[in-house]
Each structure stands twice: as structure tokens, then as C-alpha cells.
1. Could you list all residues from segment 212-232 that are under 25 Å from residue 338 (Cβ atoms) and either crowded, with 19+ Cβ neighbours inside 10 Å or not aliphatic (A, V, I, L, M) (or both)?
2. Find the residue count for segment 148-197, including only residues that are more than 26 Å from residue 224 (Cβ to Cβ) and open to solvent by 20 Å² or more (accessible area, probe 1.4 Å).
3. Take the residues in segment 198-211 that are within 23 Å of residue 156 (Cα to Cα) and open to solvent by less than 50 Å² (accessible area, probe 1.4 Å); name whichever of them is nearest to the chain's Cα centre (by Cα).
4. Take residue 370 and decide whether it is in contact with a Pro (Cβ under 6 Å, 6 or more places away or on another chain) and crowded, with 24+ Cβ neighbours inside 10 Å.
5. Within segment 254-304, can you find the residues that are touching a strand residue (DSSP E or B) at 6+ places or on another chain (Cβ under 7 Å) and closer than 22 Å to residue 52 by Cα?
6. Do we find a residue being open to solvent by 20 Å² or more (accessible area, probe 1.4 Å) and closer than 27 Å to residue 141 by Cβ anywhere in segment 327-343?
7. Just the residues that are within 14 Å of residue 64 (Cα to Cα) and open to solvent by less than 10 Å² (accessible area, probe 1.4 Å), please, taken from segment 348-364.
8. Working only within segment 284-293, note down all residues that are open to solvent by 10 Å² or more (accessible area, probe 1.4 Å) and either part of a loop (DSSP other than H, G, I, E, B) or in contact with a helix residue (DSSP H, G or I) (Cβ under 7 Å, 6 or more places away or on another chain) (or both).
Amino acid sequence: MTDQAKLESAGETARETVTGDNNPGTSPERTPDTAAVDNHEQSNPATTTGILGPQHWAQIAEENPFDDNDADSALGDDAASSTASITSTILNYRTIHGRTYHSDRGNAQYWASNDGPQNEAMDIIHHSLTLSTDGKLHLAPLKKDIKNAIDIGTGTGIWAIDFADEYPNTTVIGTDISPIQPSWVPPNLTFEIEDCTMPWTFRPETADYIHMRWLVGSVADWTALFKEAYKTLEPGGYLESCEASCYMESDDGTVDEKSAMNQWGKFFVEGGIKLGRTFLVVEEGVQRQAMEEAGFVDIEEWNFKNPIGGWSKDPKLKEMGRYVQAALEQDIEGRVLFMASVMVGWSKEELQVYAAQLRREMRSGKKHAYYRQKAVWGRKPE
């Protein structure tokens, strides 16, 4: 089977309809009770998702000593919900094992760190995502003369910056719970501090387009979130949501049950259960369902299997996979630290051993791993 077939026609048109089978261009649903709750290990009875305990990774490390600095860690000593000025309260980040996270204010929750290593990793992922859509920043059919656009969960602001450059006559606002965006931006772009899970402060029917990306694990009620977007959009405006699965999978069995890659997603599913914020947004079709419930029409979706690592023979997929690997290796700990440490109870040292094994697997090229991503967009009726 070719790499293209394994990745479900990755080079085909961006707009695909999910039918729930294994045909090329589709993304079969993962049943939560068989995919998220499997391989329960007595070694870690506190979990419900089958996370292998720290001793499993310690044993692997003992049997196969690391000799390529894989065990070096990126963990270091780096240092009311609504639109708000950047105050000392907002800048008072939480610190977990030397890594900073957004300040614990209001209803806001985000599981990834907001410091330098993680921000650089986010920008690398942005490049991989734009490669998957052939350079397109959006899949919704926007007119070139739209007046107002909003980027919810803007992160480092890199998507909003690119969008503002592409649409110079559009007023663009990027919102986030952490003030980590640059100050030098296009003149038609501004950033604001806002918790999107609380009532929005934008005037009703003022936006032509609302973009959301990678909010998975931070939203308790997706329908309520999309209803806020519906209220803010002008009639005929579009909402677009792009999310990713937390699972690393393979179609040829190379990502086996006891691999570090297979275990990766289970940290997030377990943490999501405890947080009350699901990480199974892609698997359970949450985006489409929430858009329908919020009142959107003409809903379309796009599905893609994004490779992890440079194992693919297809040049474009190989490049994308290398960027994803670079982003993960840049900051494995920053992505999984909160879930593994706070939600599951692992120590910093235990996490380092696991992260070293994950790096080893990615670098080996023997695991033909990918993760699923899904974009869904819908229109507010006129």
C-alpha cells in the first residue's frame, strides 16, 4: 500500500464528506468505549484509559539505554473573563515543574504551556497545517471584501498575522487567554485577552468570519461556544473550526499498543475526563453536531491524516511529518506535562523517561504514525 493510500488520499481535494467507513477520503469514527478505554493495566489502576505506568518506561530505558541525548529534557527554569488590558493578574502565570501556564482566572482552562519552547512548537505546527491545505488559511468560501474577522484561541497569533496580510482591508481581532502575541503585527490586526468559554463581549452580528483552531481539551460546552459565534456573525457569515485528534495511529500496525506513541493520546483522554473537557472532538464528531445545534447551515468538513515523522515516501507528506516531529521534539514535555503530572500524577523524572522513549520512536522511522485533523465550517442563514 502506498503512503498516499495509508494517509487516506492526503493530496486530494480539501473538502471531503465523512461517511464513517475506511474508504479513501473518509475518517472512520473511533468508538470511545473501545478506543479510549482499552488495555487497562493493573500497574496503573487509577486511570480509566489504559495508560501504562511509569515503571513500564523505566524498564524499557533500563533494557535499552539511551545513548543519543534523548533523555535530555526541555523542562527548565524559564520563567474576570472578558476583553481586558494586560495586567499583572493576567501575567501571573501558573508554574508546574518550571514551565509556565496561563493564569488560573475565571473559567479558562488550557493544558499546554505558554512559554517560549511551546510557542515555537505551535508556530512549527502552523506551517505543517498550511502545507496540508496547500497553503490555504481557511477552507470556508470567503469573499475577498469581508470587513471583520475574529480568530478565537489565537495562541502566538501566527494564523491571524498571515490572515491579516492576506486580507489587508479586513479588520482582524485575535483573542486568547494568554498575552503571548507579538507587538509588531499588520496594521489591520489587534489582539485582545478573552476567555471564549464565557459570554463574548463582541457586538452581535458584526463579524463576517470567525476562525477557531486547536481548542480541543479546553471547551466544556461546544454548542454554547458555537452559539456565541452564531450571535456574533452577520447573516451569511461563516464559522470555521479546525481540531486535531490526540491519538497517534498507524494503518499498518507499527504503532503497537505498548509503544510510547500509542500511549500519547491516553494521557489527554484521561485528563479530559477529569477536567470535564473532552479530547475526543474529532472522533465523536463534536464540531458538526455543535454547529447544527447552534443553527448553522451548509455545513461541510475536511479530514486529513497528518504524518508524524519523515517516514512517508511522498515528498509533501515527508516534509509535513518532519515539521510535526520537529514541533513535538521541540517541546514534548510542555504538551503533556499538565496532563501527566497534574491529572495522572507522574513525577517530572517519570515524564522525562517516557518523553525520551517517544523521541526514540519518532527518530527511528519504524513507526508509520499519523494524527487525524478535521476542519468543519458552516454558514449563518441570511
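1. So in segment 212-232, the residues under 25 Å from residue 338 (Cβ atoms) come out as 212-222, 224-225.
Selection gives 212, 213, 214, 215, 216, 217, 218, 219, 221, 222, 225.
2. Number satisfying all stated conditions: 13.
3. Per the criteria, the residue is 211.
4. On the way: in contact with a Pro (Cβ under 6 Å, 6 or more places away or on another chain): yes; crowded, with 24+ Cβ neighbours inside 10 Å: yes.
Spelling it out, residue 370 is indeed in contact with a Pro (Cβ under 6 Å, 6 or more places away or on another chain) and crowded, with 24+ Cβ neighbours inside 10 Å.
5. Filtering segment 254-304 for residues touching a strand residue (DSSP E or B) at 6+ places or on another chain (Cβ under 7 Å) gives 255, 261, 281-282, 287-288, 291-292, 296-304.
Matches in segment 254-304: 255, 261.
6. no
7. Going residue by residue through segment 348-364, those that are within 14 Å of residue 64 (Cα to Cα) are 353-354, 356-361, 364.
Across segment 348-364, the qualifying residues are 354, 356, 358.
8. Step one: list which residues in segment 284-293 are open to solvent by 10 Å² or more (accessible area, probe 1.4 Å), which gives 284-286, 288-289, 292-293.
Matches in segment 284-293: 284, 285, 286, 293.
The values are calculated or read from the model by the stated rules, or taken from the named source; none is laboratory data. Please read these numbers as outputs of a predicted model, since none were measured by experiment. A quick note on method: Cβ atoms are made from the backbone with ideal geometry, for glycine too, and the neighbour counts reach across all protein chains shown. Calculation scope for accessible area: heavy atoms of the full protein, side chains included, ligands and nucleic acids excluded. Shrake-Rupley method; radii C 1.70, N 1.55, O 1.52, S 1.80 Å.
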